[in-house]
Amino acid sequence: MKTLISECINDAIEFNRPYVAKNSFMYMQLAVENAHTCGDGPFTKRCQGFLERKIGVARALMTTSCTDALEMAAVLLNIQPGDEVILPSFTFVSTANAFVLRGATPVFCDIKPDTLNLDVERLEALIGSRTKAIVPVHYAGVACEMDEIMGIADSYGVPVVEDNAHGLFGKYKGKNLGTIGAMAAQSFHETKNFNCGEGGALLINENKYTERAEIIREKGTNRNRFFRGLVDKYTWVDIGSSHLPSDLLSAYLYAQFEVSDEIQAFRESIWKLYDHSLRRWAENVGVTQPNVPSYCDQAFHMYYLLMPSLATRQGLIQHLKQLNITSPFHYLPLHLSSMGIKFGSSLGDCPVTESISDRIIRLPFHNSIIASELDRVIDGIKSFKLS
């Protein structure tokens, strides 16, 4: 063990390393030379067109972040003070914040212990007269049980917004994630499969939302109608904000979209290597590996382990840190945060979330990781002694 530690001391393995595609800087230079580096330039439109064609979404609008896309969804759904929005407690704070900013109360649903997705068996009991949206999160790019979620939502007339931050190119029963609910939010943060540092997209599947989404995204103006020649001048017609990303960011991202199949194939190979190499170790020491139901084609966003306890999770994190390997935990339960408690939540409301949050560890996983680094991670994990 001392030898292994000494060999690794100046050779860090990061949890994430943002990917740079071959043409990224060339396309950014082209954006500058085109003298159109603000929003909705040529590369922004290329990114939107790519998403629309590749996954079959009716309309894709690039945004500055997934948070922005969720905030646009909240405005499109006319979320008002006193409304309620159902979402998992095991998610990033933006899933809640986007609706809380409009005055809504988050109603936290527990997750399933196998996929870490929203527990559909608990969903219907949470729906009330003030429920205005359901926001399932496709954790780790593995689909939620969307038939059941959509069936319950439709029976109550409640729209579904997919938080698909992890799930681009994942599928549920052959359907692309992000194309099932009324709309979906996509992330291109530097930790995602495809990144531009900070970026996102709003995916719209019901045409009734499209025109207003374009207005909200353009500071509440009908500027897009002006550019299409439908009005002779544009003006302020609705609430809105500046949700457009710079065309420089879209240029950087589009270079990755061009090689999307290669990126996904590489990430699949990482995931499968971890899964196969750690299987016997995990079985022997009582560690749980990710579960991907047969009806899901996952997005290969991350690989995680569920340790037997908080103590063993923390012990493995420290053990890997000694080997200069960064492997973090993930979300803290939103219902136990100071804001969650402010909205009336308390310990025990989402017991599976509380348990998973204490035990999960994520392994280094990015598009630039190399074989020797993967071997070091795997060997480092296997050398950890649970006690």
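The values are calculated or read from the model by the stated rules, or taken from the named source; none is laboratory data. Because the structure is predicted, anything quoted here is derived from the model rather than measured. Methodologically, a virtual Cβ is constructed for each residue, glycine included, from the backbone with ideal geometry; neighbour enumeration extends over all protein chains shown.
For the stretch 291-309, filtering for residues that are crowded, with 20+ Cβ neighbours inside 10 Å and within 17 Å of the chain's Cα centre (by Cα) leaves 8. Scanning the stretch 167-179 for residues that are surrounded by 22 or more Cβ atoms within 10 Å (Cβ to Cβ) and part of a loop (DSSP other than H, G, I, E, B) returns 167, 168, 169, 170, 177, 178. For the stretch 255-272, does any single residue satisfy the condition of being part of a loop (DSSP other than H, G, I, E, B), within 25 Å of the chain's Cα centre (by Cα) and not small (Gly, Ala, Ser)? Checked the stretch 255-272: at least one residue is part of a loop (DSSP other than H, G, I, E, B), within 25 Å of the chain's Cα centre (by Cα) and not small (Gly, Ala, Ser). When residue 384 is tested against (1) in a loop (DSSP other than H, G, I, E, B); (2) of a type in the set (Phe, Trp, Tyr); (3) under 30 Å from residue 196 (Cβ atoms), just one condition goes unmet, and that condition is (3). Of all the numbered requirements in (1) buried (at least 24 other Cβ atoms within 10 Å of the Cβ); (2) over 22 Å from residue 156 (Cα atoms), residue 134 misses one, and that requirement is (2). Scan the stretch 31-47 and tell me whether some residue there is exposed (fewer than 14 other Cβ atoms within 10 Å of the Cβ), in a helix (DSSP H, G or I), among the aliphatic types (A, V, I, L, M) and in contact with a helix residue (DSSP H, G or I) (Cβ under 8 Å, 6 or more places away or on another chain). Taking every residue of the stretch 31-47 in turn, at least one turns out to be exposed (fewer than 14 other Cβ atoms within 10 Å of the Cβ), in a helix (DSSP H, G or I), among the aliphatic types (A, V, I, L, M) and in contact with a helix residue (DSSP H, G or I) (Cβ under 8 Å, 6 or more places away or on another chain). Under the condition of being surrounded by 15 or more Cβ atoms within 10 Å (Cβ to Cβ), among the polar types (S, T, N, Q) and either outside any loop (DSSP other than H, G, I, E, B) or at pLDDT 95 or above (or both), the residues counted in the stretch 192-240 number 6. Cβ-Cβ distances below 8 Å connect the following pairs, each with a first residue in the stretch 43-60 that is at positive phi, a second residue that is outside any helix (DSSP H, G or I) and at pLDDT 95 or above, and a separation of six or more residues or different chains: 56/176; 56/179. Which one of the conditions (1) surrounded by 17 or more Cβ atoms within 10 Å (Cβ to Cβ); (2) in a helix (DSSP H, G or I) does residue 79 fail to meet, given that it meets all the rest? Here residue 79 clears every test but (2).
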